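Just dropping this structure here.
The values are calculated or read from the model by the stated rules, or taken from the named source; none is laboratory data. Keep in mind it's a predicted model, so treat the numbers as computed, not measured. Counting neighbours? That spans all protein chains shown, and the Cβs are built from the backbone with ideal geometry, glycine included.
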Amino acid sequence: MNKGKYYITTAITYTSGKPHIGNTYEIILADAIARFRRQEGYDVFFQTGTDEHGIKIEEKAAAAGLTPKEFVDQTAGEVRRIWDLMDTSYDKFIRTTDADHECQVQKIFKKLYDKGDIYKGSYEGWYCVPDESFWTESQLVDGKCPDCGRPVQKASEEAYFFKMSKYADRLIEHINTHPEFIQPVSRKNEMMNNFLLPGLQDLCVSRTSFTWGIPVDFDPKHVVYVWLDALVNYITGIGYDADGNPTEQFEKLWPADLHLIGKDIIRFHTIYWPIFLMALDLPLPKQVFGHPWLIQSDGKMSKSRGNVIYADDLVDMFGVDAVRYFVLHEMPFENDGVISWELLVERINSDLANTLGNLVNRTISMSNKYFDGVVADKGAAEAVDEDLKAVVTGTKAKVEEKMASLRVADSLTEIFNLFKRCNKYIDETEPWVLAKDEVKSDRLATVLYNLVESITIGASLLKSFMPQTAQRILAQLSAEEVAYDKLDSFGHYANGTKVTDAPEILFARLDVKEVMEKVEALVAKQMAEAGISPEAKSGAGRSDGSSDTGSSGAAGAENAASTDPSGEIVLEMKPEITFDDFGKMQFAVGEVIACEAVEKSKKLLCSQVKIGDQTKQIVSGIKKWYSPEEMVGKKVMVLVNLKPAKLAGVLSEGMLLCAEDAEGNLALMAPEKDMPSGAEIC
């Protein structure tokens, strides 16, 4: 069953440091999509890699006492190690320092220059080093980079430019006539309204102020701008040749079926890259999907905050497939997902240990106990079986539908709904009761067969998302993976097959206290490596799973991560929101009428806050700055309609707003004048 080719790519990882779990999420997501497309019958080619040029690399290498090549060799090796650790099935790992890539970049640059799309000029404007981006004065936001909110520096140099405006109308038409091209739709609207419709400026595509880059071969004092260099990896990696002699692989695979990238770099992949392709007379990729971010629950990941989570640390504690499950399941289609150690433990215990692991263990144990492990359908069917079979055989279509629109989290939910239905079936049929009546032996055997068959189908569907776990389940059942085109039918498990004698525990239940003790040790190590004293950390590795100021994060605290030389806080901007987004949040003045410390927590206070005619219980990590006694009577600003959550086992029904300085000190926000409890903040 060959459905044709499917070429999927990720953003190539910038080699400025070790990727954290937020960076790693993308490769896991891409891998799940690639594996599923293979299962469907596509001939998949999956490319990923590393982006290795630019001034940031030059500076970091110098600071480490290494040449840039030595530095990127180390970092690219670390990236690949983590990608392999996460069991990702990429077919090609490209590095932008690969000789064949560098050669083609030079040839592409010359081709575009000869065509008149690139011209030589001079640049005077503002440059953001972290983003490798030039900006005009009018594009800055409060004098800072409009993308990341960090300081920019004045830059003036000779440069080559690409005529972006030449292709702008053509790109606008393509986007309008291909609604699937940019997904989700909100990303398309952002690109059209913020960049394309206002008018594109010509793009600087070379630099002379540093040397770590691919030289412009006909003007070697220039190096190719990192974005032109990086973006063309999607064609150079599969055999594009600017001289017109592409490989068979390129002819087969291009255009890409899916570019999977983070929402923060969608502009480069949906504006610059398509225009470069138009200039090269190549077709555009079929779809660019800008996935959301995975955000640490207590704020932006930062070594100085002691809250960076790395994939290998997670794997050491929980295993590869538990981490894969969490990041795939917790990331919504369009909005950012949240990760915390406590939430990981909760998901592993509830979904993996209980729903899945316990189901497999019970089914195998009962098969061994009642029939010496031999599974057979005796044909003793009852009405309850039909609903189970309908859910099981209907799951494939639901998963397929969700995956067609890249709703991976929803696909996983459908598979786990199958496992939940199996657990319900056990409760409905009560095999332990059937076992007491010898007359019902055939019925008991049929029930167990139905369970084994259902789990086999579920494991076959799970393979793309949790490959190791799926294989372990099938091995314990002595089952073969069910072919994809048969996953919507029932009865593939061979009668008389014997399950394993001793079922393996797939996922052990975890003790959150033990896990958090290990986390504290990790945090201490991070802080020591960053040269930060433990007293300076802000909300790092806390045992309550919250930020220091509320049930799911400190309002405003994520941005105050550092200061510039003048002592002013460098505000790290979050993505823009619309007024409708803001309108969903309800803020009001509250009055603290009671407050006490939360047992077993060094950071949490539990406040009873009167807000108009109601009282809400709010847990906040502010014990370091406020005593329970001084909280009582305070007027505070409250996010009222935050979804309730348990922190250290205590229900929290809102968030107290705080300000945070660069050292992590917090201060409650309060109305300037005395306002009544319940007064709306607008």
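Report the residue count in the stretch 571-596 for those that are surrounded by fewer than 16 Cβ atoms within 10 Å (Cβ to Cβ), at pLDDT 85 or above and either under 34 Å from the mean Cα position of the chain (by Cα) or not in a strand (DSSP E or B) (or both).
Here the count works out to 2.
Another question, then. Taking helices (runs of 4 or more DSSP H) that fall entirely within the stretch 214-299, which contain at least 2 residues that are touching a residue at least 12 places away in the same chain (Cβ under 8 Å), of a type in the set (Phe, Trp, Tyr) and within 30 Å of Pro146 (Cα to Cα)?
273-279
Further question on the same structure: Only residues that are touching a residue at least 24 places away in the same chain (Cβ under 8 Å) and either of a type in the set (Asp, Glu) or not in a helix (DSSP H, G or I) (or both): list them for the stretch 99-115, please.
Answer for the stretch 99-115, where residues must be touching a residue at least 24 places away in the same chain (Cβ under 8 Å) and either of a type in the set (Asp, Glu) or not in a helix (DSSP H, G or I) (or both): Asp100, Glu102.
Counting residues that are in contact with a helix residue (DSSP H, G or I) (Cβ under 9 Å, 6 or more places away or on another chain), which strands (runs of 3 or more DSSP E) fully inside the stretch 597-682 reach at least 3?
Here the list reads 605-611.
Continuing with the same structure: Assuming Phe93 fulfils every condition listed in (1) on the phi > 0 side of the Ramachandran plot; (2) modelled with pLDDT of 95 or more apart from one, which condition is it?
Every listed condition holds for Phe93 apart from (1).
Follow-up question, since we're still on this one. Residues in the stretch 479-500 that are in contact with a strand residue (DSSP E or B) (Cβ under 8 Å, 6 or more places away or on another chain), of a type in the set (Ser, Thr, Tyr) and not in a loop (DSSP other than H, G, I, E, B): how many?
1
Now for a different question. Do we have Ile82 as at pLDDT 95 or above, out of contact with any strand residue (DSSP E or B) (no Cβ under 9 Å at 6 or more places or on another chain) and buried (at least 21 other Cβ atoms within 10 Å of the Cβ) here?
Yes, satisfied.
From Val452, Val447, grab the single residue that is buried (at least 16 other Cβ atoms within 10 Å of the Cβ), in contact with a strand residue (DSSP E or B) (Cβ under 9 Å, 6 or more places away or on another chain) and under 23 Å from Met366 (Cα atoms).
Checking each option against the conditions leaves just Val452.
Tell me whether the stretch 269-286 contains one or more residues that are over 16 Å from Tyr167 (Cβ atoms) and either basic (Lys, Arg) or in contact with an Asp or Glu (Cβ under 7 Å, 6 or more places away or on another chain) (or both).
Within the stretch 269-286, one or more residues are over 16 Å from Tyr167 (Cβ atoms) and either basic (Lys, Arg) or in contact with an Asp or Glu (Cβ under 7 Å, 6 or more places away or on another chain) (or both).
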